[in-house]
1. Of the conditions (1) surrounded by 21 or more Cβ atoms within 10 Å (Cβ to Cβ); (2) in a strand (DSSP E or B), Leu105 fails just one. Which one is it?
2. Restricting the search to the stretch 121-145, which residues are among the aliphatic types (A, V, I, L, M) and at pLDDT below 95?
3. Among the residues of the stretch 182-210, which ones are farther than 14 Å from Arg166 by Cβ and part of a helix (DSSP H, G or I)?
4. Those residues that are at pLDDT 95 or above and not in a strand (DSSP E or B), I need them from the stretch 163-180; list them, please.
Amino acid sequence: MSSLPGWLAPVVEAASTITVHELTRFMPPEDSDPRRGAVLMVFADRHGDPAEPDDLAHRGELLLTERAHHMRSHPGQVSFPGGSLDEGETPVEAALREAYEEIGLEPSEVEVFGELPELWLPPSNFAVTPILGYWKDPGEVRIASPDEVHEIHHVAIADLLDPQHRINVRHPSGWVGPGFLIGPDKDVILWGFTAGIIARLFGYLGWAEDWDRARVRDLPDHMLQGVPRGTDLAPNTTLEE
């Protein structure tokens, strides 16, 4: 029996109606053989100020991870738990396994209620399936893999929708794409693949609010280590992890 809260109903419906074209302009070519992976988009109830509005996204939060700052690729990037599929794994199995290995999230505590269309990342020829899950019995999570994870972020959806926390992010290549400011001091930049999914899904849901698109932030240096500054991330960087 499902234990999903009412505020997640629009997300459940979206999972059954949204198409790949609402999330990206790109799909794997018919003759391609992309690597496959999965990420776990974990929703949970937010236990905050009881005076807050009892509606839609104001009741929820997302569980995100900040990649270790010493990693050779995408250091410090905020992402959903996830990774490559092992041989014989389904996207759901891979997403749950990776979440457990990275942050100790017990698979039994997550109710999987849908998945988004497989999204292709042309620069790396990677096809990623976002799995939607509800953290129905929140327990403890921890940095189980310090080599991969620097920090765990419990991000209120209301904060992601707040126009004051929306930005455009500029890469040294000249590419500019959607971003969010998260963390206790709102000084952590969420951008790229994960920000693209969140921005486009919330837009599809009708949750997104108007914000100042002239607000642009450059990526901090620690996020550019190991990435050539001239790397051409366009045109699909909204889905580049």
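The values are calculated or read from the model by the stated rules, or taken from the named source; none is laboratory data. Keep in mind the model is a prediction, meaning the values are calculated, not measured. Cβ placement follows ideal geometry from the backbone for every residue including glycine, while neighbour counts extend to all protein chains displayed.
1. With respect to (1) surrounded by 21 or more Cβ atoms within 10 Å (Cβ to Cβ); (2) in a strand (DSSP E or B), Leu105 is out only on (2).
2. First, the residues of the stretch 121-145 that are among the aliphatic types (A, V, I, L, M): 121, 127-128, 131-132, 141, 143-144.
If the condition is that a residue be among the aliphatic types (A, V, I, L, M) and at pLDDT below 95, then Leu121, Ala127, Val128, Val141, Ile143, Ala144 are the ones that fit.
3. Gly192, Phe193, Thr194, Ile197, Leu201, Tyr204, Leu205
4. Pro163, Gln164, His165
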